[in-house]
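Everything on this sheet refers to the single structure shown next.
Taken together, the values in this text are just the output of simple stated rules run on the coordinates, not laboratory data. The shown structure was predicted, so the numbers you read here are calculated from the model rather than taken from an experiment. Here the Cβ positions follow ideal geometry from the backbone for every residue, glycine too, while neighbour counts run over all protein chains shown.
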Amino acid sequence: MEPIAFCRRCRGMKVGWNKAYIIHCLICRQMVLRSIKSFIFIVVLSSLIFAFPITTGFVFSDVDQIPTLVRTQISEASLLPAVVLDPSIRSIDHLLSFYKVEPGLRSRVSKAIVESGKKYNLDPKLIAAIVIVESRANPFAISEADSVGVMQIHLPTWGAIADRENINLFKVEDNVRLGSRILSGYVTRYGLWEGVMRYKGWNDSPDSEQHATEYMEKVKQIYQPQPAAPPIATEAAAQ
């Protein structure tokens, strides 16, 4: 008896050199082979997807396919800054920018100034003015008088406290915090502008008073800039 083969497409057929079986071998076996290949491809692709997940979100080949709400959110987000700054920090950042402080330092120094101002009840703009006059916000500034950092902490006077409290005077936040604390003590004791002069190192001697006064005027010009005086009309112009 000749063997019979069964195929869902070709139904039953005799195995051998006959038309029905030959067509079955040429067509149906290729379909099975393609199905097996497709199955293997899907399995491999799935393995790669699970092994290396894509976290960048969906990709649309057509912009019109993106939902309207999503497009609106993306458009609005593109109009906002990457980080929404506190208005006080933004104001100090603008002031530092005006005095050419390096862009890479401004956000960090501005945040430290505002935080220290709140902590020690000082106007952040006053602290910023001193930072600008002292070092232009250079955290590694060192003066001939052995003062260091953005607020030029005087080592012979305050170095022992910095060592005792493990304060890194070359770190922006530490330096601004200690400088603001020192300034706050002077302002509380002597008042605003004499306190600023004491921060400079005024010790009642004539020379130190002159230097401290000049220093105070520089700080005041940044903290309380005077508007330009209107031009004075000459008599010839009046006639």
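Some points to look at:
- The lone criterion from (1) buried (at least 17 other Cβ atoms within 10 Å of the Cβ); (2) out of contact with any Pro (no Cβ under 8 Å at 6 or more places or on another chain); (3) in contact (Cβ under 8 Å) with a residue 24 or more places away in the chain left unmet by PHE140 is number (1).
- Checked against the criterion of being touching a Phe, Trp or Tyr at 6+ places or on another chain (Cβ under 9 Å), buried (at least 20 other Cβ atoms within 10 Å of the Cβ) and in a helix (DSSP H, G or I), the candidates LEU169, LEU178 yield just one match: LEU178.
- Residues satisfying the stated conditions in the stretch 90-105, i.e. surrounded by fewer than 19 Cβ atoms within 10 Å (Cβ to Cβ) and part of a helix (DSSP H, G or I): ARG90, SER91, HIS94, SER97, PHE98, PRO103, GLY104, LEU105
- Condition check for GLY117: of a type in the set (Gly, Ala, Ser), assigned to a helix (DSSP H, G or I) and surrounded by fewer than 18 Cβ atoms within 10 Å (Cβ to Cβ): no
- Per-region count, the stretch 186-215, residues part of a loop (DSSP other than H, G, I, E, B) and of a type outside the set (Phe, Trp, Tyr): 5
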